[in-house]
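The values are calculated or read from the model by the stated rules, or taken from the named source; none is laboratory data. Just so it is clear, the structure is predicted and the values come from calculations on it, not from any experiment. Note that we place each Cβ from the backbone using ideal geometry, even for glycine, and neighbour counts take in every protein chain shown.
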Amino acid sequence: MSLSSTAAPCWSQFTGAAGPSSLAAIIQCFATANLFFLNDLLLGSSINHDSDEFDFIIIGAGSAGSVVANRLSEIEDWNILLLEAGGDPPITSDIPGLQTLLYGSKHDWQYKTVNNGITSQGLKDGSVGWTKGKMLGGSSSINALAYVPGNTQDYQNWYDAGNEEWSVEDVQRCFKKLESLQNKKMLQDPNIKDVYGHNGPLIINRYNHTLRTYTDHVIESWDKIGFKRVSDLKAANFLGSGIITATATNGVRQSTNKAYLQPIKDRSNLVIMKDTLVTKILINDTALSAYGVEVEKNGEKKVYYASKEIILSAGSVSSPQLLMLSGVGPKEHLESYNIETLVDSPMVGQNLQDHALLPITIYANAPGEQSLLELTGEVLKYITKREGYLAQSSIITDGAAFYSTIENATFPNIQNHLTIINKNNILLKSVLQVAFHYNDAVVDSITNLNKNHALYFFENILLHPYSKGNIALQSNDPKDAPLIYANYFDDSRDLDVAVAGIKMATKILDTPYFKKINAFLGSMDVPECNEYELDSEDYWRCICINLVTSIFHPMGSCKMGSDISTSVVNSRLQVHGVNNLRVIDAGVFPSTISGNINGACIMVGERGSELIKEDYNKE
């Protein structure tokens, strides 16, 4: 392949001034020239098929919807239509280290929470960005690739709430059904091998991480402060510290698009329609049965019909929005937007919960600085070997700790993700702005200290918040994003847990490794907090309130349960009050789980598909 003169402006970046825009341009240059050689075929999409009638219509080709499309189309006499508002993932989605290039792009729904004037005031506009994938694979095509199925108590809680189809045994079986563990070292240990599946569609592996020396030091230090080091976090039921697995292998992201859709793209009974926005679910107002969908594609409106069921897998934000636009939701709220209420379902959009992310910034002497030339070399390393910086998440390392602020607890209420940033990192500022939305003063206070020190950025995550928010309509126009009321720290108990968790985490400064590298806690510039002593409980309370942001784990907005007054779907995921309509995505989680939710979303897709097959005697 010739690097022709048409690419000259692109290649000139190699000789330009060092900076984040230069590196991004170089990466984009390689991607445009297809020098990464990632050759997945694009999935076809056509509205010119023979019929507008199907057995099942699935709305959303994300982490759960892609699974449902795969599993239902296994039944050869079922015709399936899968509708996706976005398109094919770009090449940058396949490359783990480039995920932030997708943030704020057309492949991101770009949701933002409503500024309540109290929390997150250290973020731009006082609003938290909720990155959600708008493409095949959904958020599994844009996330940080962490595979964290959660603690078994999470699912026992689901079962104990009356959801009898969701026993721990069934849930664990579905996790194994989706998994294909492909790490040789892990497979050699029977204590690890036996807790994973080996024949599922989704490849699970560990990174050959470029910062392994440093992550090992941190895990050793966590162990010294009581976060016990374990050989595998899933085998330890996600209590302790260690290396998390990833939905990646050989340096390439394993999204549900890659795992569940690409292998079945030639199935004759499956139609995948991209760039198609569903604007309404059609429900018969007398029988209260869902029978079709209205869509908009390329400015044209069309209707598709389902003889059996509509499956709503649009995610925790869009699924409740679409239910309300279709006449299923809180009556008073729907009537305020002149939407006819077909089913008064008060919990639609309620019970919204998210894993709040709270920053801890620790600075030290190592690792040292990387030049633009060295970073560019990482691009070449990726092209030739699928290794290096681009072969792993750029947001987090794979070191993590799961622990509880309650003594002798059997499940965690805090998760620590670890990010290690080299001294004077040219990309840090843009990542803090794009991924966390911190305002300029906060960003400058972090990057200024990074000029002369490496940064150990600990993302302290509140796993089981008491606070609950809600999704509401902004208008009756489906193109208007819904209003997201996150309500972080609305329940004061969450602030107590968060501060206690942070105080436990900062004890790491007293360990031998962190003393050796002259580590110190950095102060973040939040005017409301500057009066408090660094590392005091009052300081952290203030930081939590002002800098709380999201790790993009919204769940619960279409809660599973037994009664329409307290939930949206039953334990077979059928919408209360409406026939032939189910929700299968993170919205149905009745309560939070102990970790990153992508794995659990895929599991819900697997279990939901089983329930559908059971109901039609196709299991």
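Need the failing condition index for Tyr260 against (1) surrounded by 19 or more Cβ atoms within 10 Å (Cβ to Cβ); (2) in a loop (DSSP other than H, G, I, E, B), just the number.
(2)
Would you please name the residue that is surrounded by the fewest Cβ atoms within 10 Å (Cβ to Cβ), looking only at residues in the range 335-365 that are among the small types (Gly, Ala, Ser) and in contact with a His (Cβ under 9 Å, 6 or more places away or on another chain)?
Our first condition is that a residue be among the small types (Gly, Ala, Ser); within the range 335-365, this holds for 336, 345, 349, 356, 364.
Retained after the next criterion (residues that are in contact with a His (Cβ under 9 Å, 6 or more places away or on another chain)): 345, 349, 364.
Values: Ser345: 28, Gly349: 30, Ala364: 21.
So, considering only residues that are among the small types (Gly, Ala, Ser) and in contact with a His (Cβ under 9 Å, 6 or more places away or on another chain), the one surrounded by the fewest Cβ atoms within 10 Å (Cβ to Cβ) is Ala364.
Here is a yes/no grid of residues against (1) of a type outside the set (D, E, K, R); (2) surrounded by fewer than 20 Cβ atoms within 10 Å (Cβ to Cβ); (3) within 30 Å of Asp354 (Cβ to Cβ):
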site	(1), (2), (3)
Gly240	yes, no, yes
Thr256	yes, no, yes
Lys301	no, yes, no
Lys331	no, yes, yes
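If you scan the range 456-488, which residues turn out to be aliphatic (A, V, I, L, M) and touching a helix residue (DSSP H, G or I) at 6+ places or on another chain (Cβ under 7 Å)? I'd like the intermediate steps shown before the answer.
In the first step, residues of the range 456-488 are kept if they are aliphatic (A, V, I, L, M); the result is 461-463, 471-473, 481, 483-484, 486.
Correct list: Leu462, Ile471, Ala472, Leu473, Ile484.
For every residue, the table says whether it meets (1) buried (at least 24 other Cβ atoms within 10 Å of the Cβ); (2) in the same structural domain as Gly65 (by TED's automatic domain parsing); (3) assigned to a helix (DSSP H, G or I).
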residue: Lys515; (1), (2), (3): no, no, yes
residue: Asn530; (1), (2), (3): no, no, no
residue: Asp535; (1), (2), (3): no, no, no
residue: Tyr539; (1), (2), (3): no, no, yes
residue: Ser567; (1), (2), (3): yes, yes, no
residue: Gly587; (1), (2), (3): yes, yes, yes
residue: Ile593; (1), (2), (3): yes, yes, no
residue: Asn596; (1), (2), (3): yes, yes, no
residue: Ile602; (1), (2), (3): yes, yes, yes
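Has the range 223-238 got at least one residue that is assigned to a helix (DSSP H, G or I) and either surrounded by fewer than 18 Cβ atoms within 10 Å (Cβ to Cβ) or not charged (D, E, K, R) (or both)?
First, pick out the residues of the range 223-238 that are assigned to a helix (DSSP H, G or I): 223-224.
From what's left, either surrounded by fewer than 18 Cβ atoms within 10 Å (Cβ to Cβ) or not charged (D, E, K, R) (or both): 223-224.
The answer is yes, given that some residue of the range 223-238 is assigned to a helix (DSSP H, G or I) and either surrounded by fewer than 18 Cβ atoms within 10 Å (Cβ to Cβ) or not charged (D, E, K, R) (or both).
If you take the residues in the range 101-150 that are surrounded by fewer than 22 Cβ atoms within 10 Å (Cβ to Cβ), in contact with a helix residue (DSSP H, G or I) (Cβ under 7 Å, 6 or more places away or on another chain) and among the polar types (S, T, N, Q), which one is nearest to Val442 (Cα to Cα)?
Gln121
Identify, by number, the condition in (1) under 28 Å from the mean Cα position of the chain (by Cα); (2) farther than 24 Å from Tyr207 by Cα; (3) not basic (Lys, Arg) that Val379 doesn't meet.
That leaves (2) as the condition not met.
Looking at (1) under 21 Å from the mean Cα position of the chain (by Cα); (2) in a helix (DSSP H, G or I), which is the one condition that is false for Glu220?
For Glu220, the exception is condition (1).
Could you list, in sequence order, all residues of the range 239-257 that are in a loop (DSSP other than H, G, I, E, B) and among the polar types (S, T, N, Q)?
Filtering the range 239-257 for residues in a loop (DSSP other than H, G, I, E, B) gives 239, 244, 247, 250-251, 254-255.
Passing the criteria: Thr247, Asn250, Gln254, Ser255.
Just wondering, is there one or more residues in the range 379-393 that are in contact with a helix residue (DSSP H, G or I) (Cβ under 7 Å, 6 or more places away or on another chain) and acidic (Asp, Glu)?
The answer is yes; a qualifying residue exists.
How about the range 73-127: which of its residues are of a type in the set (D, E, K, R) and not assigned by TED's automatic domain parsing to the domain that holds Lys280?
The answer is Lys106, Asp108, Lys112, Lys124, Asp125.
Got a number for residues in the range 435-456 being in a loop (DSSP other than H, G, I, E, B) and either more than 27 Å from the chain's Cα centre (by Cα) or buried (at least 21 other Cβ atoms within 10 Å of the Cβ) (or both)?
Here the count works out to 4.
Filtering the range 177-192 down to residues that are assigned to a helix (DSSP H, G or I) and in contact with a strand residue (DSSP E or B) (Cβ under 7 Å, 6 or more places away or on another chain), which residue is surrounded by the fewest Cβ atoms within 10 Å (Cβ to Cβ)? Spell out the reasoning first.
Filtering the range 177-192 down to residues assigned to a helix (DSSP H, G or I) leaves 177-178, 184-187, 190-192.
The next check asks that each one be in contact with a strand residue (DSSP E or B) (Cβ under 7 Å, 6 or more places away or on another chain); those that pass are 178, 187.
Values: Leu178: 22, Leu187: 13.
Top of the filtered list is Leu187.
Can you tell me how many residues within the range 367-384 are farther than 24 Å from Tyr103 by Cβ and touching a residue at least 12 places away in the same chain (Cβ under 8 Å)?
Residues in the range 367-384 being farther than 24 Å from Tyr103 by Cβ and touching a residue at least 12 places away in the same chain (Cβ under 8 Å): 4 in total.
May I ask you to verify whether Thr210 is part of a loop (DSSP other than H, G, I, E, B) and not small (Gly, Ala, Ser)?
When the stated conditions are applied, Thr210 passes them.
Evaluate the range 343-361: report whether one residue or more is in a loop (DSSP other than H, G, I, E, B) and more than 29 Å from the chain's Cα centre (by Cα).
Let us first name the residues in the range 343-361 that are in a loop (DSSP other than H, G, I, E, B), namely 345-351, 354-355.
Then drop every residue that is not more than 29 Å from the chain's Cα centre (by Cα), which leaves none.
Within the range 343-361, not a single residue is in a loop (DSSP other than H, G, I, E, B) and more than 29 Å from the chain's Cα centre (by Cα).
How about the range 599-614: which of its residues are touching a helix residue (DSSP H, G or I) at 6+ places or on another chain (Cβ under 8 Å) and among the charged types (D, E, K, R)?
Glu606, Arg607, Glu610, Lys613
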